[in-house]
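Below you'll find the structure, written out as structure tokens, and then a few comments.
Please treat every number below as a calculation from the coordinates, not as lab data. Nothing here was measured: the structure is a model prediction, and the numbers come from that model. Neighbour counts are summed over all protein chains in view; Cβ atoms, including those assigned to glycine, are modelled from backbone coordinates with ideal geometry.
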Amino acid sequence: MEKKKNSFLKDYGMVILTGLVIGAAAVLLTKLGNPKNMGFCIACFLRDISGAMGFHGAAVVQYYRPEIVGLVVGSMVMALVTKEWKAQGGSSPFTRFVLGALVMIGALVFLGCPLRMVIRIGGGDLNAVVGLLGFIVGIVIGTIPLRKGFTLNRAYKQSKLEGLAFPIALVVFFIVSVATVLLKSSTEGPGSMRAPILVSLIVALIVGALCQRSRLCMAGGIRDAVMFKDFKLITGFVAIIVAVLVGNLIVNGGVKFSFADQPIAHSDGLFNFLGMAMVGWGSVLLGGCPLRQLILAGEGNSDSAVTLLGFICGAAISHNFGLASSAAGIGAGPVAIVMVVGFIILAIVSVCNMKKGA
Amino acid sequence: MKYVATFYTHVSAMMSQRSLAAKGIRAKLAPTPRELSSSCGTCVRYEADDPSYSLLDSDVEQVASLDDSGYRILRQFS
């Protein structure tokens with residue numbers, strides 16, 4: 001009996017701990033200034049970084065978010081300490097770039113990555129439950145090619161510099177963002193809402209290190225549950241919701257469950273569903289959600305670094321062509337057409353990368 | 001003896017599981033245990049008299065044995 005308890009703690013302890021810390025951190029960062037229900041959102045924050053670099057012109061979402069830097073560097077330091085840091089890459093980088101862009105376009109239709117979806121659920125936003133349904137459907141679709149031999153082919157060992165280049169670039173531009181006024185910076189809107197830089201950085205460093213240890217992944221949790229009936233990673237998912245819910249009860253004195261009037265969210269159910277379905281399908285093909293790609297990039301995986309560039313480019317496409325949603329609803333651009341094309345691309349990538357004879 | 005083989009790709013794990021099973025070896029796909037890797041890929045858990053390297057796909061990363069004391073890495077592939 002004692003032994004069983006130990007192994008439960010060993011198996012689930014780290015994932016649950018990471019989930020609880022992320023949930024608590026999200027509530028804390030929101031309290032300290034980050035946008036509502038957006039203590040952590042990888043899609044939103046990469047979109048803000050894309051804006052800070054001037055890749056898109058949406059003046060309300062431009063800020064070089066320190067959380068992204070902290071997550072990557074936290075993972076990198078932890079991986080170096082535990083000797084798990086490994087420079088590797090070369091697994092269909094351009095396909096990953098395209099998938100990354102599609103995942104971001106879907107995420108910005110919904111208004112959040114899978115992590116923010118979970119945080120929104122914990123904040124009482126029922127639109128995110130619709131998103132979750134879409135996310136699950138997307139993941140289930142993505143596991144079909146996986147079962148039929150889908151592969152982006154293996155990664156190979158790379159030079160140390162190849163593995164370090166992305167974290168270094170991220171830190172260099174972070175220093176530029178703090179020390180100069182070269183980067184764009186929102187004065188109103190979500191991009192202007194920010195927790196103090198140092199707090200954001202330290203919290204993200206801790207979360208990044210924990211995520212490296214626990215491999216927490218929103219897409220992986222559901223994928224493992226669907227494919228292997230393995231519920232380890234999904235407990236992290238649940239832990240985040242619990243922590244955010246409890247945190248909101250303590251800090252804000254209550255949680256209002258509703259579809260209408262939720263912060264930085266819209267109530268177009270169809271597009272909330274489709275947006276997250278695209279994120280789920282794309283994430284399974286990529287082998288991890290946006291948060292997980294940050295952690296892998298920190299561990300020296302340059303394929304994940306390319307995927308992150310795909311996210312950043314996807315964010316620019318979203319805002320430059322009116323595909324990103326806002327609290328008012330879906331974007332004014334050709335959202336429906338792009339979504340259809342996006343799903344067709346996902347289908348082509350899924351089918352064309354099935355290994356023969358598998 | 002119980003063994004765990006980890007792979008560079010999911011499809012490689014799938015094909016290895018099939019060729020092990022075709023030889024009558026009990027083998028199943030599972031998430032890669034954290035102890036063996038920080039990646040979140042798919043592994044094959046199997047019970048055999050020996051590690052049966054020749055039945056594993058060429059994209060195998062490592063093979064470990066598993067007993068009450070835990071995992072012991074037997075061989076790393078590159």
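Between A:LEU17, A:LEU274, A:LEU108, the GNM of chain A built on Cα springs shorter than 10 angstrom shows A:LEU17 fluctuating the most. Modelled spin labels at A:GLU188 and A:VAL129, positioned 7 Å past Cα toward Cβ, are 3.5 nm from each other.
Each of A:VAL109, A:GLN262, A:PRO290 was scored by the projection of its Cα onto the charge dipole of the protein assembly as shown, and the greatest displacement toward the positive side belongs to A:PRO290; charges sit on the C-beta of Lys, Arg, Asp and Glu. Is the C-alpha gyration tensor of the stretch B:2-76 telling us rounded, prolate or oblate? Criteria: a/c under 1.5 is rounded; beyond that, a/b larger than b/c is prolate, otherwise oblate. Taking the square roots of the gyration eigenvalues as a ≥ b ≥ c, the stretch B:2-76 is oblate. Picking from B:VAL44, B:VAL60, B:VAL11, which is most flexible by a Gaussian network model of chain B using Cα springs under 10 Å? Greatest mean-square fluctuation among the candidates belongs to B:VAL11.
Each of A:LEU198, A:LEU28 was scored by other Cβ atoms within 10 Å of its Cβ. Listed from fewest to most, they are A:LEU198, A:LEU28.
Toward the positive end of the charge dipole of the stretch A:2-350, with +1 on the Cβ of Lys and Arg and -1 on the Cβ of Asp and Glu, the farthest Cα among A:CYS313, A:MET78, A:LEU249 is that of A:MET78.
Quick one: if the Förster radius is 22 Å, what FRET efficiency do B:ALA22 and A:ASN153 give, using the C-beta to C-beta distance and rounding to 0.05?
On the way: r = 24 Å, r/R0 = 1.09.
After rounding to 0.05, the efficiency reads 0.40.
Normalised by 2.2 N^0.38 Å, where N is the number of residues, the C-alpha radius of gyration of the stretch A:268-358 stands at 1.20. The modelled label-to-label distance between A:LYS229 and A:GLU84, using points 7 Å beyond Cα along the C-beta direction, is 2.7 nm.
Here the label points at A:VAL251 and A:ILE337, each 7 Å from Cα along the C-beta direction, are separated by 4.1 nm in the simple model.
By definition, a body whose alpha carbon gyration tensor gives a ≥ b ≥ c is rounded when a/c is under 1.5, and the stretch A:2-350 falls into this rounded group.
Would you compute, from DSSP H runs of 4+ residues alone, the mean residue ellipticity of chain B at 222 nm, taking -39500 (n - 2.57) per run and dividing by the full residue count, rounded to the nearest 500? Spell out each step's value before the answer.
Numbers: 1 runs with 13 residues, N = 78.
Result for chain B, helices only: -5500 deg cm²/dmol.
Calculate for chain A the 222 nm mean residue ellipticity that helices alone would give, adding -39,500 (n - 2.57) per DSSP H run of length 4 or more and normalising by residue count, nearest 500 deg cm²/dmol. Don't skip to the end; give the middle numbers.
On the way: 14 runs with 239 residues, N = 358.
Value at 222 nm, helices only: -22500 deg cm²/dmol.
Within the stretch A:190-223, list the residues whose amide N lies under 16 Å from a label point set 7 Å along Cα→Cβ of A:VAL137. Nothing falls inside the zone, counting backbone N under 16 Å. Packing around the peptides A:318-324, A:43-49, A:330-336, taken as the average count of other Cβ atoms within 10 Å per residue, puts them in this order, highest first: A:43-49, A:318-324, A:330-336. Between A:ALA26, A:ALA277, A:ALA58, the residue with the greatest mean-square fluctuation in the GNM of chain A (Cα pairs under 10 Å linked by springs) is A:ALA58.
At a Cβ-Cβ separation cutoff of 4.7 angstrom, cysteine residues of chain A with no neighbouring cysteine are A:CYS113, A:CYS211, A:CYS217, A:CYS289, A:CYS313, A:CYS352.
Neighbour counts of C-beta atoms inside 10 Å place A:ASP11, A:ASP261, A:ASP224 in the sequence A:ASP261, A:ASP11, A:ASP224, starting with the fewest.
Which of the pairs B:LYS2/B:LYS23; A:LYS86/A:LYS157; A:LYS355/B:LYS23; A:LYS86/A:LYS160; A:LYS157/A:LYS355; A:LYS232/A:LYS256 have their Cα atoms more than 19 Å apart in this structure? In this structure, A:LYS355/B:LYS23; A:LYS157/A:LYS355; A:LYS232/A:LYS256 lie more than 19 Å apart at Cα. Residues B:SER78, B:SER19, B:SER58, ranked from the fewest to the most other C-beta atoms within 10 Å, line up as B:SER78, B:SER58, B:SER19.
Once you order the gyration tensor axes a ≥ b ≥ c over the Cα atoms, which shape class does the stretch A:150-309 get: rounded for a/c under 1.5, otherwise prolate or oblate by comparing a/b with b/c? Intermediate values should be presented prior to the final figure.
On the way: a/c = 1.64, a/b = 1.08, b/c = 1.52.
Taking the square roots of the gyration eigenvalues as a ≥ b ≥ c, the stretch A:150-309 is oblate.
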